[in-house]
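Comments concern the structure below.
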Amino acid sequence: MNVPGIRRSISQDGIRLLTPDGERTPHPEYACDPSPDELRSLYRDMALARRFDAEGVTLQRQGELGLWPSLLGQEAAQVGSVRALRDGDRVFPSYREHAVALGRGVDPLALLRLFRGVDHGAWDPDAHDFHLYTLVIGSQTLHATGYACGMAKDGADSAVIVYFGDGATSQGDVAEAFNFAAVWDAPVVFFCQNNQWAISEPNERQTRVPLHQRAQGYGFPGVRVDGNDVLAVQAVTRAALEHVRSGRGPFLIEAFTYRMGAHTTSDDPTRYRDAAEVESWRAKDPLLRLARLLRAEGAADDAFFAEVEAAGEALAARVREGVRTMPSPGPEELFDHVYAQQHSGVARERAEFAAYQSSFEGV
């Protein structure tokens, strides 16, 4: 049932420093004035993330990946927030944070190995301060809260940020994490990428108020930011991280953005959303608005954009080749890493499986 007026009430863009036309709009509480080099770097990161993401979709369509969740349209939310982090801050992602992963130095092929079914995550969380992808909706908010509590008890001058979507806010895990983090003043930033569609469920089927207002009920602050404005996202996330580092408890950011593509490559969004809505958000494209600012301020020219495009194609070629030559694991590797140390039961099952496999030799 659609509730009259609700769609309009939750569609305000939030804190904004850069309009869709690429014009700066100062905010009294949040400031972000990056240098031309930093602006170009932000654009480059978003453009490379978009090209990598597009290659992921293509590889899945070619049968090289089992599934791919696209981030198309959410580049500013991810790049702006990861740029606000410091070394030592810990990231807990869901499964769509490809730009965040790249920003933390994770090899893009490690992400693709997961969706090819070669392993369950081929990067070291400690090496990148970037936890493994979480496909169980909302559970990572609890993991992040517990980790943040541990950080606080250790006296670390660090913070945790956890990413989740608007659909996850309907999960009990998220409500429990909010409450636990608030009670224990956990230094965690809850970063909700509200792309407005939890697969086929729109926001108005999930909430009567803007998502960031839910924080009030748990006793900590929450704000909505224009998730397609990389400058605003960076400024708001930086302020939220400083808030939680200071011992004042958690903070909720609702990055109001839009999922331009399908939920995953197994989804057909044309069955449940209107093309006119998609087109209206295409005009708010996060890369386009930053490109307009760069050109308007003389911070980038055609040569720069051509160089970024070439870098994107080189990245796509590298991951394409890497995926197609990626070795498949042996059947016996199913028994590896079940326990941290050797386990007699697993060893016995592995031996039985090996004997079974060998029975087919010569057949």
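Which of the three applies to segment 282-345, rounded, prolate or oblate, going by the alpha-carbon gyration tensor with a ≥ b ≥ c and a/c under 1.5 meaning rounded? The partial results should precede the final answer.
Values: a/c = 4.59, a/b = 2.83, b/c = 1.63.
Prolate, since a/c reaches 1.5 and a/b exceeds b/c.
Give the distance, in whole Å, between the Cα centre of segment 89-149 and the Cα centre of segment 304-331.
20
Could you compute how much accessible surface Cys149 exposes when probed at 1.4 Å, giving the result in Å² to the nearest 10?
So the heavy atoms of Cys149 present about 20 Å² to solvent.
Pick from Ala186, Ala276, Ala291 the residue whose mean-square fluctuation is largest in a GNM of the chain, springs joining Cα atoms under 10 Å.
In this elastic network of the chain, the residue with the biggest mean-square fluctuation among Ala186, Ala276, Ala291 is Ala276.
If you build a Gaussian network model of the chain, linking Cα atoms that sit under 10 Å apart, which residue out of Phe256, Phe180, Phe92 swings the most?
Maximum among the listed residues: Phe180.
Of the accessible area of segment 32-120, with the probe set at 1.4 angstrom, what percent is carbon plus sulfur? Write down the numbers at each step before the final one.
Values: 1350 of 2950 Å².
Carbon and sulfur: 46 percent of the exposed surface of segment 32-120.
Only Cα pairs under 8 Å and at least 6 apart count here; give the relative contact order of segment 163-240 as a rounded whole percent.
So the answer I get is 29 percent.
Can you tell me, using C-alpha contacts under 8 Å and at least 6 residues apart, the relative contact order of the chain as a whole percent?
That works out to 25 percent.
Using amide H atoms built in the peptide plane, which far-off residues or other-chain residues are under 5 Å from Leu18 H to H?
Thr25, Ala232
For segment 71-226, with every protein chain kept in place, what is the accessible area per residue (1.4 Å probe, Å²)? Walk me through the numbers on the way to the answer.
Values: 5640 Å² over 156 residues.
The answer is 36 Å² per residue.
For Rg/Rh (Cα atoms, Kirkwood Rh), which listed value, [x] 1.06; [y] 0.97; [z] 1.00, comes from the coordinates shown?
Here the calculated entry is [z].
If the only charges are +1 at each Lys and Arg Cβ and -1 at each Asp and Glu Cβ, what is the size of the charge dipole of the chain around the Cα centre, to the nearest 20 debye?
Using Cβ point charges on Lys, Arg, Asp and Glu, the chain gives about 780 debye.
What helices does the chain hold that run 24 Å or longer along their axis, going by alpha-carbon atoms, with a Kyte-Doolittle average of -1.0 or more, using DSSP H for the helix calls?
Numbers: long enough: 36-61 (38 Å, -0.72); 302-324 (33 Å, 0.12).
Helices passing the filter in the chain: 36-61, 302-324.
Mind grabbing the accessible area of Arg238 for me, 1.4 Å probe, Å², rounded to tens?
90
Connecting C-alpha atoms closer than 10 Å in a GNM of the chain, tell me which of Ala351, Ala299, Ala239 has the biggest fluctuation.
Among Ala351, Ala299, Ala239, the largest mean-square fluctuation in the Gaussian network model of the chain belongs to Ala351.
Give the long-range amide H neighbours of Gly222: residues separated by 5 or more places, or on another chain, with amide H under 5 Å away, using H modelled in the peptide plane at 1.01 Å from N.
Amide H neighbours of Gly222, under 5 Å, 5+ apart: Leu252.
Please work out whether segment 149-304 counts as rounded, prolate or oblate from its C-alpha gyration tensor, where a ≥ b ≥ c are the square roots of the eigenvalues and a/c under 1.5 means rounded, while otherwise a/b larger than b/c means prolate and anything else oblate?
Values: a/c = 2.49, a/b = 1.29, b/c = 1.93.
Oblate, because a/c is 1.5 or more while a/b does not exceed b/c.
Which whole-number percent gives the relative contact order of segment 1-156, counting Cα pairs below 8 Å spaced six or more residues apart?
In percent, rounded to a whole number, it is 17.
The values are calculated or read from the model by the stated rules, or taken from the named source; none is laboratory data. Note that this is a predicted model, so its numbers are computed, not measured. Because the Cβ atoms are built from the backbone with ideal geometry, glycine has one as well, and the counts that use them run over all protein chains shown. Accessible surface areas use protein heavy atoms only, side chains included; no ligands, DNA or RNA. Shrake-Rupley method; radii C 1.70, N 1.55, O 1.52, S 1.80 Å.
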